[in-house]
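All remarks here apply to the structure that follows.
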Amino acid sequence: MSALYTTEALSTGDGRNGEVRSLDGVLDEVLAVPKEMGGPGGDRTNPEQLFAAGYAACFHNGLRLIARGQGVELPASTVQSKVSLLAREAGGFTLAVSLTAHLPGLEQSTADQLMKATHEVCPYSNATRGNIEVTLTATVQ
């Protein structure tokens, strides 16, 4: 396979309470452990939020691409990604993701089919398949 795009990011400081930035400088964020995990929280982001944003945007793009290829118009679609950090019983941590697409005006069966088809081609879905739980939901109203 040849790479269509490659990017790089650097983490400095104290990991989850440090800073991340892309080497091109476009992304530059100070991180904070969420209050729910015993950290300071506040107006700083965290790795799970960054993952959720990336997954939502990538899946939404794929959804629109698949729909266009099938002749389905999605004038007002949205995709919401919910990422949960889970403690494993055997130790360590894992993630779980819930993707909800709002596809107003479509038949439920069409919306469900688009979600399944997108899940087969989205790079985030392919990277996580078999590793973490990903739940798909489509709403049409």
Quiz prompt | Odd one out for Y124, checked against (1) open to solvent by 30 Å² or more (accessible area, probe 1.4 Å); (2) hydroxyl-bearing (S, T, Y); (3) within 21 Å of P75 (Cβ to Cβ) | solution = (3)
Quiz item: Only one of (1) in contact (Cβ under 8 Å) with a residue 40 or more places away in the chain; (2) part of a loop (DSSP other than H, G, I, E, B); (3) under 20 Å from the mean Cα position of the chain (by Cα) is not met by V72, so which one is it?
Solution: (3)
Exercise. Can you tell me which residue within the range 43-52, out of those that are assigned to a loop (DSSP other than H, G, I, E, B) and either open to solvent by 30 Å² or more (accessible area, probe 1.4 Å) or of a type in the set (F, W, Y) (or both), is farthest from V121 (Cα to Cα)?
Key: D43
Practice problem: Scan the range 105-121 for residues that are over 12 Å from S77 (Cβ atoms), open to solvent by 50 Å² or more (accessible area, probe 1.4 Å) and not polar (S, T, N, Q) and jot them down. | Solution: E107, D112, K116, E120, V121
Practice problem: Using the structure shown, decide if L65 is at pLDDT 95 or above, over 18 Å from the mean Cα position of the chain (by Cα) and open to solvent by 60 Å² or more (accessible area, probe 1.4 Å). | Solution: no
Quiz prompt | Residue check, A138 modelled with pLDDT of 95 or more, crowded, with 17+ Cβ neighbours inside 10 Å, in a strand (DSSP E or B) and more than 12 Å from the chain's Cα centre (by Cα) | solution = yes
Quiz prompt | Residue that is of a type in the set (K, R) and closer than 30 Å to N46 by Cβ, where the choices are R88, R68 | solution = R88
Quiz item: Tally time: how many residues in the range 1-42 are part of a loop (DSSP other than H, G, I, E, B), loosely packed, with under 12 Cβ neighbours inside 10 Å and touching a strand residue (DSSP E or B) at 6+ places or on another chain (Cβ under 9 Å)?
Solution: 5
Practice problem: For the range 53-61, state whether one or more residues are outside any helix (DSSP H, G or I) and either of a type outside the set (F, W, Y) or within 12 Å of the chain's Cα centre (by Cα) (or both). | Solution: no
Self-check item: Top-ranked residue of the range 80-104 - restricted to ones that are out of contact with any strand residue (DSSP E or B) (no Cβ under 9 Å at 6 or more places or on another chain) and open to solvent by less than 80 Å² (accessible area, probe 1.4 Å), ranked as nearest to I132 (Cα to Cα)
Solution: G92
Quiz item: Can V83 be described as β-branched (V, I, T) and under 13 Å from the mean Cα position of the chain (by Cα)?
Solution: yes
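The values are calculated or read from the model by the stated rules, or taken from the named source; none is laboratory data. In this text, all values refer to a predicted model and were calculated from it rather than measured experimentally. Backbone-built Cβ (ideal geometry, glycine too); neighbour counts: all protein chains shown. The area values use the complete protein model at the heavy-atom level, side chains included, leaving out ligands, DNA and RNA. Shrake-Rupley method; radii C 1.70, N 1.55, O 1.52, S 1.80 Å.
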